[in-house]
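The block underneath contains the structure these notes are about, expressed in structure tokens.
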Amino acid sequence: MSKSKPCDVDGRNSCSCCVLTRRHFLERILAIGLVSSTSLMFPQIVQANEHRAQALVLTCIDFRFVNLEQSFLARQHLDQAYDWVALAGASLALTGFPHPAEAEAFWDQLALSKRLHNIRKVVIIDHQDCGAYASIRKEKFADLTSEQNLHAQYLTQAYEQIRQRYPDLEVELYFAELTGNFRLISPPQIT
């Protein structure tokens, strides 16, 4: 009778590399189950070639507005159908605040969103009581209207820059109040 070698075909003298431990077995089953259930529960993940976003949304990084913004976007029929970029100051970031890299990052993300996800619109949301704006303006705003007017200037600049680079994209501008009210900012008519 010959001696059995490790990794024998009959499995009686398997080495440790060939032993299927309970943990390894469960990990494999779990991985297979996750892939299968993911394709059933989230077919959009599996069918990435069919992925289309309706818009690219630029917001500030301020955590106080995330839930308000998501609710607002859902009411605008964009619920989870958008690419999201968050930069301090939102429209202010397009001026290169606090560094030129912020503006560059926005333009890179916009180009990718348009190319990869075929967006048709850009939505920019600035907000009340923004720390980024406070850092460029030393005195407090006299009232909400004066604060909104300053934001409207930067939102309009962002609008003009986007339309210059991407004339085929629709651009919507908003100013969000702490109360959850979103005001549409109309850019000047360009003729």
> Normalised by the residues of the range 52-185, what does the relative contact order come to in percent, with Cα pairs under 8 Å and at least six apart?
Replying inline: 28 percent
> Fewest to most neighbouring Cβ within 10 Å: what's the order for Asp108, Asp83, Asp129?
Replying inline: Asp108, Asp129, Asp83
> When a footprinting reagent is the concern and you count Cβ atoms within 10 Å, what order do Glu69, Glu172 take, fewest first?
Replying inline: Glu172, Glu69
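All of the numbers you see were taken from the coordinates with simple rules; none came from a lab. As the structure is a prediction and not an experimental result, all values here were calculated from the model. We place every Cβ from the backbone using ideal geometry, glycine too, and count neighbours over all the protein chains shown.
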